1. Within the set of pairs 6 or more residues apart or between chains, which connect a residue that is at pLDDT 95 or above inside segment 380-404 to a residue that is assigned to a helix (DSSP H, G or I) and surrounded by fewer than 15 Cβ atoms within 10 Å (Cβ to Cβ) with Cβ atoms less than 9 Å apart?
2. Return the residues of segment 124-141 that are in a helix (DSSP H, G or I) and of a type in the set (A, V, I, L, M, F, W, C); say none if nothing qualifies.
3. Which members of segment 279-303 meet the condition of being assigned to a strand (DSSP E or B), in contact with an Asp or Glu (Cβ under 9 Å, 6 or more places away or on another chain) and either among the β-branched types (V, I, T) or open to solvent by less than 40 Å² (accessible area, probe 1.4 Å) (or both)?
4. Please verify whether segment 169-188 includes one or more residues that are under 18 Å from H62 (Cβ atoms) and in the same structural domain as D113 (by TED's automatic domain parsing).
5. Taking F106 as the residue in question, decide whether it is in contact with a helix residue (DSSP H, G or I) (Cβ under 7 Å, 6 or more places away or on another chain) and assigned by TED's automatic domain parsing to the domain that holds G242.
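The values are calculated or read from the model by the stated rules, or taken from the named source; none is laboratory data. Predicted model only: the values in this text are computed from it and were never measured. Note that each Cβ is placed from the backbone with ideal geometry, even for glycine, and that neighbours are counted across all protein chains shown. With ligands, DNA and RNA removed, areas are computed over all heavy atoms of the protein, side chains included. Shrake-Rupley method; radii C 1.70, N 1.55, O 1.52, S 1.80 Å.
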Amino acid sequence: MNAKPIGPIPADYAGGPQLIVGGRSAADWAAAGTPLYLYDGPAIAARIARFRAAFPSQVVLHYAIKANPFPPLIAAIAPLVDGIDVASAGEMARALAAVPPDAISFAGPGKRDAELAAAISAGVTLNLESEGECARALATGARLGIVPRLAVRVNPDFELRGSGMKMGGRASPFGVDAVRVPALVRHILAAGADWRGFHIYTGSQALSAEAVIEMQGATVALAARLADEIGACPPLVNLGGGFGIPYFPGDIPLDIAAVGAALASALRGLETHYAIELGRWLVGEAGIYLARVIDRKESQGETFLIVDGGLNHHLAATGNFGTVVRRNYPVAVAHRMQDAPEEIVNIVGPLCTPLDRLADRVALPRAEVGDLIAIFASGAYGATASPQAFLGHPPVCETLAAQAPV
Ligand SMILES: *Cc1c(COP(=O)(O)O)cnc(C)c1O
């Protein structure tokens, strides 16, 4: 039986004989309980520094917290970024605990009246998804006696090529079709609201610098064209994000130096302020899911390692969160990082469904009951993107490793 390949283990964690995060072993971190999502704060800070080095200062950085809204993580990231993007009143409350309201923007279709009122009362910018939402926001502002801060999300007439999830270039629940945006912005200005600019988000999980560069160029041009038609300069153009990370065999990291350099040259001479909003790229590779082996069993010539958490905590690693073909995330036995593979195993969670498979026929050193399995690239779309209530197992633990070793 042949092993199937696994995705690339991030270099930060691949070097030693055992997995070390923030100066402590995985076993040490996991002593308080498993399964555990462990987030590496200094690794996130290093990512943000890489972004800053690659992009011109005219481009600010927002954190899209739907990727990972763990409050200690938001608190650690908040001072390092220029804004936080949220997609519900619940996320907005978490963001308000970390940054001032004028650093928050609230996107997402189907905002309830109560959510609009909460955002307007707090002074958070609403990224409007439709004309109807605009009308409700203006009415809510009038009722509250507060001038609402309103940006318009644009459904562009192009999409992000090669991205995992496309959100532009077609009929869409997201944003207002580009051709109707000038009329809507004129309406917002005439109503006396505080127009905050455009939000143009076209997709997620892109690894091709060429595709991102093309998308950003088209986005800058679209914003300029809309501004021309409106006859007013947008205070901020949010260019979206969509920067991907390697998950699977053959995935090559996005060349952000190339993306930054291309954007710098596209923006040369322009006065407008731009933002890039990132979730996954900031936190994804800095998170590790640790689960403990509960049982080893053989069945019809195959070996199964059954661990104490699965798709209930980590839907994405089981291939059930927006993937077409199931492939293996980077995975290792946490105390045997450098050891040669000894066996081919399937790693499954404790749920009574065949969907609950974390790794499919991977070659690993032998793991015994009680050992820790590490799944890498797990910092984004993990705990809150998984059906934790399904089958009634305990919720996953989460910990931020805040300090680099001294
Ligand atoms: C999901 C989302 C993001 C974050 O996407 P990542 O792929 O995690 O960077 C940013 N902006 C909007 C509008 C989103 O819907």
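1. Every condition considered, the pairs that remain are E398/P72; T399/P72; L400/P72.
2. Selection gives C134, A135, A137, L138, A139.
3. First, the residues of segment 279-303 that are assigned to a strand (DSSP E or B): 287-299, 302-303.
Of the ones still in play, those that are also in contact with an Asp or Glu (Cβ under 9 Å, 6 or more places away or on another chain) are 287-288, 291-294, 296, 303.
G287, I288, A291, V293, I294, T303, listed by residue number.
4. First, the residues of segment 169-188 that are under 18 Å from H62 (Cβ atoms): 174-175.
Now narrow it down to the ones that are in the same structural domain as D113 (by TED's automatic domain parsing): 174-175.
Yes, some residue in segment 169-188 is under 18 Å from H62 (Cβ atoms) and in the same structural domain as D113 (by TED's automatic domain parsing).
5. Here the answer is yes, as F106 does meet what is asked.
A quick yes/no check of all residues on (1) crowded, with 17+ Cβ neighbours inside 10 Å; (2) over 24 Å from A221 (Cβ atoms):
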position	(1), (2)
G132	no, yes
R149	yes, yes
R170	no, no
P173	no, yes
V181	yes, no
R186	no, no
G192	no, yes
